[in-house]
Amino acid sequence: MPRTHSASLALVLAVALLPGCGKKSAPSPAPAEPSAGPPFVFGLLMVGPYNDRGWSQAHYDAGKYVEARLPGAQMIYVDKVNPGDRPGTTPAQLAEDLVSRGARLVIFNSDDMKDSCLDFAKAHPDIFVIHASGDNAWKEGKDYKGLPNLVNIMGRMEYGKMMAGFAAALATQTGRIGYLGPLINDETRRLTASAFLGARYAWTKYRGRDPAELMFKVTWIGFWFNLPGVTADPTQVADDFYNSGFDVVLSGIDTTEALVEARKMAGTGRKVFAVPYNYVGACETAPEVCLGVPYFNWGPAYLRHLRAAREGGWQAAWEWNGPDWADINDPDRSAVGFAKGRALSPELSVALDQFAGELAGGLALWSGPLTLQDGAEYLRDGERATDRQVWYLPRLLEGMEGQSVAGP
Amino acid sequence: MNIALENISKRFGEVQANEGISLAVPAGTIHGILGENGAGKSTLMKILSGFIRADSGRTFLDGAPAQIRGPADAIRLGIGMLHQDPLDFPPMTAVDNFLAGRTGAWRLSRPDARRELEERQADFDFRVDPGARVENLTVGERQQLEMVRLLSLGARALILDEPTTGISALQKDRLFAALRKLAADGKSIILISHKLRDVEMLCDEVTVLRRARVAGRAQAPYDLNELVRLMFGRVVTREPRLEVPTGGPLLTLDGLAVEDHRLRLAGLNLEIRAGEVIGLAGLEGSGQELFLRACGGLLRPAAGRLRLAGRDLAGEPYPVFRDAGIAYVPAARLEEGLVAGLTPAEHFAIVEPGGGLVIDWKLTMEQAERRIAEYDIRGAATGPVDSLSGGNQQRALLSLLPPGLCLVLLEHPTRGLDVESASAIWRKLLDRCADGAALVFTSSDLEEILQYSDRVLVFFGGQVAGPVPASAMTVERLGEMMGGQP
Amino acid sequence: MKEGRPGWEAAVRIGLAAGLAVVFVSGLLALLGVSPARAFMEMASGSVGSAGKLADVLVAWVPLLLVASGLLVTFAAGLWNIGIEGQVMMGAVFTTWMLRLLQDAALPPALVLALAIGAGMLGGALWAVFAGLLKTHGGVNEIFGGLGLNFVASGLALWLIFGPWKRPGVGSMSGTEPFPEALWLPQIGALRLSGWALALGVLGIVLVGALLRGTYFGLKVKAVGRNARAAFLLGIPTTRYMLSGFALCGALAGAAGALQVTAVYHRLIPAISSGYGFLGLLVAMLSGYRALAVPFVAFFFAALNIGSIQLPIVFRLDSSLSGVLQGMLVLCVLVVHGARRRFRREAAP
C-alpha cells in the first residue's frame, strides 16, 4: 500500500514544504562602499519581515541610517526570526551566523528573543549586543543580569501612544475605541494604558464628556503579528471591532491589518479610522483613514552605541529614550515621534499640537489618582509614577476593557 | 456486422490466456462463448473490443481486416462492449453518462440528449430515469443505460460479459428481448457466460473455450451434457485413488448457514471424518467458496454450529481455528497466500519462529533448505517468492503449513499447474490424510474432484447436493448436477 | 535479508536525482542574478564549515533521524503515518508537562530529564496508537486520522501555551517560561549540541535498523505491510502488529519532541515540532525506506535547513529557496524513480 501512493503523497508533501517559492526579497544593494575607515559589520535580527511597514522595518531603516552616517558601517541581517517562519532555528544560532559573517555587534529586535539574546550575550562576551525592548541591563529593573556587552534600548512610546489615544478620542463619534493588542506583557500593558490615558484626557478635557461614556477595549491576538493557525487573526479582530460599533481602532501589533480593514469599511461609506504603530511610513498603506502613527526612531540611539562600540567607550546601559519635544519628528534627535495622518482634520491637528505642547510642558498623565482594573490602587492622588512603576505596570487601568493578564 | 477472429493468441507473463482461437459471428446472430473462469473468454473479448492487443492473430469486420488499437477505435468501427462491472461514472446523472464518450461537438445539449435517450429506451422497454444519478441505479439499469449509449454511438456489434450476474429476473427478460430484437435488426451479439441456461435460452451458436483454446462448438438446440463435457473436459483414465482408511468424525456441521451479499447457503449438515478428502464441485460463485471460508473461520456463519472435537467454533475468530489445527490455503497465491517481496526463508521464519527476539538465520536457513528439499521447491530460499513459478509458489504455500494439522481447506490447489506439479502437490496432501488430517478442496477440474475425493458436495446457486461418494459419480453426472439438474 | 535491489543502485539514483535538483536550482539562482557556485559554497560552509555550524546541523539532524527511524517502522507496516507531526508535538507537550510537574521536586535533574523524555515517548506513542485505533477499529484511513490528530495536537499545545502554562503575567503565543538550566540536557562545551540527544538519535536508527533487519517482530511487521491478508492467513495478528508499529514510531517521534524541549528550546513553543515530522516523511521516502541511507539523507536535509540561512544573509534571497531545493530534490527523485520503472517495463515486455 505505501509504495503505490508514495509518488502522489510525496508530491503533496513537496508542494506543502515550499512556502513562498524563492522570491527575491530585496532589490539587494551591494554592501555600502566603505567610504572611510575600516569596515564595521553589524548584524540585525528582526522578528518579522524587514519590509513589514511596522516594527521590523523601523529597525531595518535605523540600520540603513547608521550605515549612511557611520563610515564603514555595514549591516547584515536576518528577518522573520521566529520559530514559525524559521523552524529549527534559535535567535542565538542565527546571531552566530551573523558573527561568522563578520558582525561584531548584533541587534536583537524583539522582546520574544530575550532568552536567546541572553544566552548569546553570555556565550559571546567579545560581541556587542543590543536588545531592543529588554530590561536585563537595567540596574533598577527586576531582571538585571549585569552583562558588560549588553545594551537595552527602548523608546518612550508612552508619549506616542498617548497622542494616538488622544487623536482617537477626538475622532470617535461612537465613543468606542478598539485596541488591537499583540501579546500581553509589561510593555504592551503600559503602552495600551498610555493610549487609554491619552484618550480619556481628550474625551474629558477637550470634549468635556463623561469618562463613563468612553469605551476602550483591548483584544489581544497572542503575538506581534499574525501567525496563521497560532494567533487570533488580526484582520478578523479589527473587523469585529468595526462591526460592533467601534469607529477607531488603535493598533498595537507590528503589521497594518487595522488600517486595511478601516479602508474596507470606509469603502462601504462608514466613517471609521485607524491608528497604526511602529513605523513612520505606516499610514501610506491607507492614508485616507489614518489619523497618524506613533513611531520609533531607533537610528540615533543605534548610531551612538555603534560608534561607541567601534571607537571605544561602549558601556553596558539601559536606555529609555524620550521624544525631543522641540520637534518630536526630528529624525536625528527624537527617539519616538508621531506622524500625522491625512484623516486627521485641521481642528483635530491643532488640538493634538496643543496636547503635545502640554506634554512637553510637563503634563503627566501617569499620575494619581489611578486605579488598576481589579480595583487596587495604583497611584495615590498627586503621586507621579516612577519609571519602574510604569515599566512594570501589573494590570490594565480601571476604565479599560480587556484581559490584564493571560489565562483562563 | 460479420465478425471473424482468426488464430488469436495472447500471453500474460507465464499464463497463456488465448491460444490460436478462431471464431465467426455472422450478422444477425447471437453467439455464446462458454467456459469456466480463466478459460480465456474475457481476454478474447477484450482483444476484440480493443482493451488489450493480441500477440498474434487477425480480426476481420465485414470481411475486411481491422486494426483495433483501443476502445475508441472499436466503437468507431461499430463494436461496443458491456463489461461485467459497468464502466460508467457513478456520481454523474444518467443523461451525462449517456453523453460521455461522444466525439465531435464541444457543446453538449442536454435536452436533445435526454430526448434521444428516452426514444432509444422506448425501443427496448427500458425505463432508466435520465436525471437519476448512476450510483443510485441498479446494476440492470446501468447495463441498460450503457447498452443504449453504445448503440447511440453507432455500435453494430455488442459484446456482453456475464450480463445476467446481479440483475433481476425481470431485467433479464427485458435484456434478452432487447438482444433478440437487435439481432433481428442485423446486429451481431456476443454473450460471454458460464451459465448454461442463459446460453441455451438465447444463443444461436456457442463456442466453448477451455484452457485458452477452443474446446468445441455447438448450435441450438443444445445437449447440455455435451456442453458441460466441452467445458470441463473428457474423462481420462483415472489413477486408483490412494486408499486411506477414514477415521472418526472430526468436524461436524450442524445446521450451518453462511451468506454474503449475493448468496446464502443454509441448513448444512455434514460430518467430516479424519483422513477423508471432500471435493467441492460447482460453477464459480455457486457457494463452495463461502462454505470453505466458513469452515476455515474466515467467514462468520449466520447460523448453526461448527463443532471440532465437540467444541463449537462457530463465531470464533480465525486464529482460534488456526490454533485448533485448521489451515486455509487460498487460491490467490500472491494476493492472499504469500507475501510478495519476502523470501521463502523469511516465510518459514514467520510461521516457525525460533524462541527469542532476534531471528536465528542459521536455524531458519536450515529449516528452509529442508522444506525446500521436502517439497521440491525449485528456486532459492533467499529470492523473493514472487519470482518463483506458479507451481513452486503453490508448493511453497503448502510447505508453510504446520505439521499435525487436522483439517486442510484448499481453494483450487492445482489451478494453473501442469500435470506433474499437480500430482506432486497431491502426493504431499494425501500424506497429510495418512497422518489423520481431512482435506476439503474446491476445483473447477471435475476429473481432479472425482480422482481425489472420497465424497463430493455439489453446489448450484446456493443449493448443496450430496455428499455423494465419488466412486458413484461420473464427470457427466457431476456436470449435470452443477448445471442444476437434480 | 536482502531488501530487493542492491544498495549502490539506490545510491546512484539518489545521486542522479540530487544532480538534477542542483541543475534546476542553479538555473533558478542564475535567473535571480546569483552565482550558483557561490550560493552552494556559502550553503556548504554555512552548514559544515565549522564545528559550531556542524553542531547546529546535528541539532536538527537528531530529531529528523528519530522521526525518520520511526517512520521506517510504519512504512514497513504499510502505513502512512502522516500524524507524525502531531506525535512530535505530543512528545513535547508530555515532556513539558512532566518537567513542570517535577521541576520543583527535590529530585536529581538527571532523573527528572529521564522521566520527562520517557513521558514524551509515551505521549508520542499514545497519540500514534490513537491514529492506529482509528484505522483498525474506526475504519478511518491513517492519513486522514493523522492529519486530524495533527490539528488537535497543535491546538492543544497552543491552548496550553496561551492558557494554563502561560508565563506569569504574560499572554503570548511565543512560548512557555524557559526551564531552569539544570533541566537542560547538558551541552557539549559551548556548542548547542547535546551529546545525550545525539546518542539517543543514533540509538534510535540503530535499533530500528536492527529491528527491521534481524528480528521476528520486524519481519512480521514487514509481512503485514506487504500483504496484510496473507500475513493474517499465515497467522500474524495483523491489527496488533500495525498498532505496535504505530506505537514504536510514535515513541520515536515523541522522543524527538522531548529533545526539542529539553535540548533545543528549553520550553514549549507553538512550532515546537519545527516541521520535522513532515520532513521526516521525505527523508524516509528518499532513503528508499532503508535504515542505512536515513542518516545520510537526514543529514543532508538538516544541513540544507541550516546552510540556507546564508542565502538571506549573503545574497538577500528569501531562504524559502531552500524549500524549493528540497522540493526539487523530491520531485527529481520521483522522476528518476519513475523513469527507471518505465525503462524496466520497456526492457522487459
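Rule-based calculations on the coordinates, nothing more; no lab input. From a predicted model like this one, the values you see are computed outputs, not experimental measurements. In this analysis, Cβ positions are derived from the backbone assuming ideal geometry, glycine residues included, and neighbour counts consider all displayed protein chains.
Calculate, in nm to one decimal, what residue A:325 and residue A:205 gain on full extension: separation in residues at 0.36 nm each, minus their alpha carbon distance. Please report the intermediate quantities before stating the final value.
Details: separation 120, 0.36 × 120 = 43.20 nm, distance 2.16 nm.
Additional length available on full extension: 41.0 nm.
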Amide H to amide H under 5 Å from residue A:318: which residues, 5+ apart in sequence or cross-chain, H placed 1.01 Å off N in plane?
A:152
Cα extents of the protein assembly as shown along the three principal axes, largest first (Å)
122, 74, 59
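Test of understanding: ordering A:350, C:221, B:258 by Cβ neighbours within 10 Å, fewest first, what list do you get? Could the numbers behind the result be given before it?
Details: A:350 11, C:221 29, B:258 26.
Fewest to most other Cβ atoms nearby, the residues stand as A:350, B:258, C:221.
Can you sort A:279, C:276, A:242 so the residue with the fewest Cβ neighbours within 10 Å comes first?
Working: A:279 27, C:276 31, A:242 22.
Placing the least packed residue first, the sequence is A:242, A:279, C:276.
How much FRET efficiency would the formula 1/(1 + (r/R0)^6) give for residue C:38 and residue A:403, where r is the Cβ-Cβ distance and R0 is 51 Å, rounded to 0.05? Working shown, then result.
Numbers: r = 50 Å, r/R0 = 0.98.
After rounding, the FRET efficiency stands at 0.50.
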Hey, fewest Cβ within 10 Å first, where do B:360, A:61 land in order?
B:360, A:61
Return the sequence-ordered ³J(HN,Hα) values of the range B:71-79 in whole Hz as given by the Karplus equation 6.51 cos²θ - 1.76 cosθ + 1.60 applied to θ = phi - 60°, using x for Gly and Pro.
x, 5, 4, 4, 5, 4, 7, x, 10
Cα centroid separation - the range C:138-166 against the range B:107-183, whole Å
50 Å
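For the pair residue B:219 and residue B:67, what calculated FRET efficiency results from E = 1/(1 + (r/R0)^6), where r is the Cβ-Cβ distance and R0 = 35 Å, to the nearest 0.05?
Working: r = 31 Å, r/R0 = 0.88.
The calculated FRET efficiency here is 0.70.
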Taking H as built 1.01 Å from N, whose amide H comes closer than 5 Å to the amide H of residue B:210, not counting residues under 5 places away?
B:215
Enumerate the amide H contacts of residue A:138 below 5 Å, restricted to partners 5 or more residues apart or on another chain; note that Pro and chain-start residues carry no placed amide H.
A:145
Whole-Hz Karplus couplings 3J(HN,Hα) for the range B:269-286, θ = phi - 60° and coefficients 6.51, -1.76, 1.60, Gly and Pro as x, run 10, 7, 10, 9, 9, 4, x, 8, 10, 10, x, 10, 9, x, 5, 3, x, 8
Alpha-carbon centroid distance for the pair the range A:205-250 / the range A:132-148, whole angstrom:
32 Å
From the helices alone, meaning DSSP H stretches of at least four residues, give me the mean residue ellipticity at 222 nm for chain A, per-run term -39500 (n - 2.57), in deg cm²/dmol to the nearest 500.
-10500 deg cm²/dmol
Just from its helices, what would the mean residue ellipticity at 222 nm be for chain C, if runs of 4 or more DSSP H residues each count -39500 (n - 2.57) and the sum is divided by every residue, rounded to the nearest 500 deg cm²/dmol?
-24000 deg cm²/dmol
Once you put a point 7 Å from the Cα of residue C:48 and another 7 Å from the Cα of residue B:136, both along the Cβ direction, what distance in nm separates them?
6.4 nm
Over the alpha-carbon set of the range C:58-307, work out the extent along each principal axis and list the three values in angstrom, largest first.
59, 38, 35
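What's the FRET efficiency of residue A:388 with residue A:363 using the Cβ-Cβ distance as r and R₀ = 30 Å, to the nearest 0.05?
Working: r = 21 Å, r/R0 = 0.69.
Once rounded, the FRET efficiency stands at 0.90.
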Would you kindly derive the ³J(HN,Hα) couplings of the range B:357-370 from the backbone phi angles with the Karplus curve 6.51 cos²θ - 1.76 cosθ + 1.60 (θ = phi - 60°), listing them in order in whole Hz, with x for Gly and Pro?
8, 8, 5, 8, 5, 5, 4, 4, 5, 4, 4, 4, 4, 4
How many angstrom lie between the C-alpha centres of the range B:22-56 and the range B:408-462?
30 Å
